[in-house]
Amino acid sequence: MYIYIVVCTGHQALKEKMTQLVSTLGDSQEKMHTGYLSAFPTEFYDRVEASKTVWAPYYTIHKIMAGLLDQYAFAVNDQALQMIIKMAYYFYKRVQNVITRFTIERHWQSLNEEYGGINDVMYRLYTITVY
């Protein structure tokens, strides 16, 4: 993994750029006051939850979360870990809301959309934060 190489080789300038990128994304996330961070408006997730067609927003979330998790795991960036925890909690609340408002079956139906590796990144996050 490229991030791991940066840490192992001591390429400080690149590590500083990565840290600045996480910091800038963190500023954007804080302005939302919800933990949400994405290139998509939250309405895209409303559409997924309503079983309407929308282009793979969870695929993108998976990529953002995986990148933040790599920043923590390989570049020891604690801000990245806090950001991904906020994102996981945000999406946990969304899933809970769908189940409460509709049914567990509605949530399962929404899983027919493209989710990328969201389950993998959530598992990785769990192993880091629970153990």
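Brief remarks follow.
- Among the candidates Lys31, Lys63, residue that is in contact with a Gly (Cβ under 9 Å, 6 or more places away or on another chain) and part of a helix (DSSP H, G or I): Lys63
Yes or no, residue by residue, for (1) farther than 29 Å from Gln12 by Cα; (2) without any contact (Cβ under 8 Å) to a residue 12 or more places away in the chain; (3) hydrophobic (A, V, I, L, M, F, W, C):
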site	(1), (2), (3)
Thr42	yes, yes, no
His62	no, no, no
Phe74	no, no, yes
Met87	no, no, yes
Tyr90	yes, no, no
Gln96	yes, yes, no
Arg101	yes, yes, no
Leu125	no, no, yes
Thr129	no, no, no
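- Of all residues in the stretch 110-122 being in a helix (DSSP H, G or I) and within 13 Å of the chain's Cα centre (by Cα), the one that is surrounded by the fewest Cβ atoms within 10 Å (Cβ to Cβ): Asn119
- Only one of the numbered conditions (1) within 15 Å of the chain's Cα centre (by Cα); (2) within 24 Å of Thr24 (Cα to Cα) is not met by Val76, and that is (1).
- Search result, residues across the stretch 90-109 that are under 19 Å from the mean Cα position of the chain (by Cα) and either more than 19 Å from Tyr36 (Cα to Cα) or of a type in the set (Asp, Glu) (or both): His107
- Flag for Asp78 being farther than 17 Å from Ile118 by Cβ and either of a type outside the set (Asp, Glu) or modelled with pLDDT of 95 or more (or both): yes
- For the residues Tyr89, Tyr58, Tyr36, Tyr72, the requirement of being in a loop (DSSP other than H, G, I, E, B) and not polar (S, T, N, Q) singles out Tyr36.
- Qualifying residue in the stretch 111-123 (condition: at pLDDT below 90, farther than 25 Å from Lys15 by Cβ and hydrophobic (A, V, I, L, M, F, W, C)): yes
- Test: Asp78 is of a type in the set (Asp, Glu), under 30 Å from Gln12 (Cβ atoms) and crowded, with 17+ Cβ neighbours inside 10 Å: no
- Single match in Lys52, Lys17 (criterion: in a helix (DSSP H, G or I) and more than 24 Å from Tyr126 (Cα to Cα)): Lys17
The values are calculated or read from the model by the stated rules, or taken from the named source; none is laboratory data. Remember, it's a predicted structure, so these values are computed and weren't measured experimentally. Here the Cβ is made from the backbone with ideal geometry for all residues, glycine too, and neighbour counts use every protein chain on show.
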